[in-house]
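Inspection log for the structure reproduced underneath, given as structure tokens.
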Amino acid sequence: MGDPGPGGPASDFDLLAASLRADAADLKTFLEVLATKLSEALPNMVRVERQGGLFKKDHPVQSIRIEIEEHGYEIRRAASGIEARLNHQVRGIILKNEVMRLDQWIEALSEHLTRHAETSASARNALDQLVR
């Protein structure tokens, strides 16, 4: 996958995946923490949708969508807890839409962000922000 040495892409992937998993331990706040981390680190790649009306005190996160290259990672609040999806799209047309377990989604997103960071300085800075 990459350089297994300290500070290389493989260790970045492991750190990011561990960080996201730690946040996922408390599903009640998971989406809020993830939305904040991703929005700050990847503002041009992340779209956050919130619930609530004009007179509601709280506006919890309903869904988070991350666009990386031709892939869309989406996680949303569902009646059964959290639903995670990965889709592949070409020119705006979704070719494949896959529902995943949360741990699989975290692994896939972490790995993709790590690969993306190898080719982009801004993605590298974003990855560094996410693991803090």
**Q.** Residues satisfying the stated conditions in the range 52-94, i.e. farther than 20 Å from Val33 by Cβ, in contact (Cβ under 8 Å) with a residue 24 or more places away in the chain and part of a strand (DSSP E or B)
**A.** His71
Q: Out of the residues in the range 105-122 that are in a helix (DSSP H, G or I) and free of Cβ contacts under 8 Å to residues at least 12 places away in the same chain, state the one that is surrounded by the most Cβ atoms within 10 Å (Cβ to Cβ).
A: Ser122
Q: Could you run through the range 69-82 and say how many residues are surrounded by 10 or more Cβ atoms within 10 Å (Cβ to Cβ) and either aliphatic (A, V, I, L, M) or within 13 Å of the chain's Cα centre (by Cα) (or both)?
A: 8
(Q) I'm trying to understand the selection: among the residues of the range 49-68, which are touching a His at 6+ places or on another chain (Cβ under 8 Å) and either small (Gly, Ala, Ser) or surrounded by fewer than 13 Cβ atoms within 10 Å (Cβ to Cβ) (or both)? (A) Gln51, Gly52
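Rule-based calculations on the coordinates, nothing more; no lab input. Predicted model, so just to flag it, every value in this text is computed and none were measured. Positions of Cβ are generated from backbone atoms using ideal geometry, with glycine treated the same way; all protein chains shown enter the neighbour counts.
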